[in-house]
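Since the structure comes first, as structure tokens, the remarks are kept for the end.
The values are calculated or read from the model by the stated rules, or taken from the named source; none is laboratory data. Bear in mind that the values here come from a model prediction, so they are computed numbers and not experimental data. Neighbour counts run over all protein chains shown; Cβ positions are idealised from the backbone, glycine included.
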Amino acid sequence: MSNEVSPILSPSQKRIVAAGATALATVFLLATFFYLFVLLRHFVGTFKEVLLPLAIAAILATLLRPITTFVETRTRLNRVQGIVLLYLLVILVLGVAAAFALPAIFDQGTGFLKALPHMIQNLMSWVQDKAPAIWTWLQGILGEPPDEYVKSVFENNTELIRNSLERVRESMGTLAGMVGSIFGKVAAYSIIPIYLFFILNSDRDVWRDLDKQLNFLPKNRRDDLLFLAREFSEILVSFFRGQIIIGLLLGLVLAIGFFVVGLKFAILIGLILGLLNIIPYLGTMIGIITVLPIAYFQEDGGPSLIVACAVVFVIGQLLTDYVFTPKVMGGKTGMGPMLIIFSVFFWGTALGGLLGMILAIPLTAFFLVFWRLAREKYLPALTAKHEAAQTTAN
């Protein structure tokens, strides 16, 4: 009689159990990541008025530190004096820019507000002539002809503003609460220069401090975390530095192009759309749905002006994609246009608005770096262990 004890599970049953355990572990990890993400979103949403000024100051400090270092090493000024000099130069540049640009922007903004009723009236006439079904539908919703409704809105704009302010006041509680909320926002963002001063004046080596704080981890894990942190910092700095320069260049191209083709308010619209492109493609998308109607419904507008403005958009985007971005960014993010657009909408939804859209590209680029590290270093090891376990089970 054989004394061998038959195994409780056959090899095929062991493989099934191992696959089930792996699936459960995967579901558990995904659920954990999702829950942590929800907590992060709630945390960011709750404390964004505290975190955002500090984050802006940290980004500005990283962008401006080479200037303060240059001043400190190439002149007789110490660090504090160099920072003060930098502040004075920034104030001077902003003052000169305001003196030359703001009058033109205000003039164009005032002209736009004056021309807006006429353009809306042209839009109403176009809808009534070209799309009578939409005109009838709007009349049924508004209870009166759409053109009469728009006319009454502009004639009673004082009452409209008063009602809007009243609704804002009701949504924010008492008047004291509204004033307190506004004061809190102003105070939160006015502290950015103070944060910036202390960060620029600090001698601390962030990466050495982070290495010390993580000394409870094995050295290889610690090195990987420091590598990811450095990569994210470099991506963040290069992205914001590059996008600000690219946005200004695109704004100049659009402003000049719109001015040449005869679009009204060209300087105002071009600069705004260029700065909005700090969030990739946002300025272009908003510009298409705003500039083209303005080009058609302004006094001397029409299909030819629409085509000309569309050509300006195409030229601006081609210059951005094939000249400005390669020269300024150097392909540091490694992301194509489709992934960039998806990232903007994904993180804008995930983090609840503008902050997510602004951080979309750095966050996505960071996860790409994380994935490459995991794929090259950790996943092969896990696969090898799994194959060894399968061989042992068989």
Residue pairs, Cβ under 7 Å, 6 or more apart or interchain, first in region 114-139 and more than 15 Å from Glu299 (Cβ to Cβ), second of a type in the set (Phe, Trp, Tyr). List them.
Val127/Trp135; Gln128/Trp135
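One line per residue, one yes/no per condition, for (1) buried (at least 20 other Cβ atoms within 10 Å of the Cβ); (2) within 23 Å of the chain's Cα centre (by Cα); (3) part of a helix (DSSP H, G or I):
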| position | (1), (2), (3) |
| --- | --- |
| Ile194 | no, no, yes |
| Asp211 | no, no, yes |
| Asp224 | no, no, yes |
| Glu234 | no, yes, yes |
| Leu263 | yes, no, no |
| Gly283 | yes, yes, yes |
| Thr290 | no, yes, yes |
Checklist (1) surrounded by 14 or more Cβ atoms within 10 Å (Cβ to Cβ); (2) at pLDDT 80 or above; (3) part of a helix (DSSP H, G or I) applied to Leu77, failing item:
(3)
Are there any pairs with C-beta distances below 7 angstrom linking a residue in region 16-42 that is in the same structural domain as Leu351 (by TED's automatic domain parsing) to a residue that is among the aliphatic types (A, V, I, L, M) and assigned to a helix (DSSP H, G or I), with the two at least 6 apart or on different chains, and if so which?
none
Tell me whether region 125-138 contains one or more residues that are surrounded by 12 or more Cβ atoms within 10 Å (Cβ to Cβ), of a type outside the set (Asp, Glu) and not in a helix (DSSP H, G or I).
yes
Residue hits (region 244-265; in contact (Cβ under 8 Å) with a residue 60 or more places away in the chain and at negative phi) are Ile245, Ile246, Leu249, Leu250, Val253, Leu254, Lys264
Is one or more of the residues making up region 46-57 hydrophobic (A, V, I, L, M, F, W, C), in a helix (DSSP H, G or I), under 21 Å from Val237 (Cβ atoms) and in contact with a Gly (Cβ under 9 Å, 6 or more places away or on another chain)?
no
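Does Ala295 count as over 25 Å from the mean Cα position of the chain (by Cα), assigned to a helix (DSSP H, G or I) and either at positive phi or assigned by TED's automatic domain parsing to the domain that holds Val344 (or both)?
yes
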